[in-house]
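Trainee: Sharing a structure, written as structure tokens. Questions coming.
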């Protein structure tokens, strides 16, 4: 087989991923079940709720968790962007080396 360029390897990998997902062979089922079980245990530690209510609350707990992660990531990106801008100000290299504040 002829040597593939990086772009061709990327396309070949994408093609394989699409084919795998089309056949339903993603193997994420067990992980998804375990992940949701974590939130079910969180919202109903003693198992006293009816299954449908426990699942409803677990879905909301999962959404809350994901929203908190998104907020944390957004704030981190904002801080990084602010730091990048500060590094681009005139004289910032001197301040960072000397530790002096202006």
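Quick note: the coordinates plus some simple rules give every number you see, no bench work behind them. What you are looking at is a predicted structure, and each value in this text was computed from that prediction instead of being measured. Quick reminder, even Gly has a Cβ in these numbers, built from the backbone with ideal geometry, and neighbours come from all protein chains shown.
Trainee: Cβ-Cβ distance below 7 Å, separation of 6 or more or different chains: which pairs start in the range 6-22 with a residue that is on the phi > 0 side of the Ramachandran plot and in contact (Cβ under 8 Å) with a residue 24 or more places away in the chain and end on one that is exposed (fewer than 10 other Cβ atoms within 10 Å of the Cβ) and in a helix (DSSP H, G or I)?
Mentor: Correct list of pairs: empty, since none qualify.
Trainee: What pairs come out if I take residues in the range 45-56 that are in contact (Cβ under 8 Å) with a residue 12 or more places away in the chain and pair them with residues that are surrounded by 10 or more Cβ atoms within 10 Å (Cβ to Cβ) and outside any loop (DSSP other than H, G, I, E, B) whose C-beta lies under 8 Å away, six or more apart or interchain?
Mentor: 54/40; 54/43; 55/36; 55/40
Trainee: Still on this structure, I have one more. Quick check: is even one residue across the range 34-45 surrounded by fewer than 11 Cβ atoms within 10 Å (Cβ to Cβ), at negative phi, within 19 Å of the chain's Cα centre (by Cα) and part of a helix (DSSP H, G or I)?
Mentor: yes
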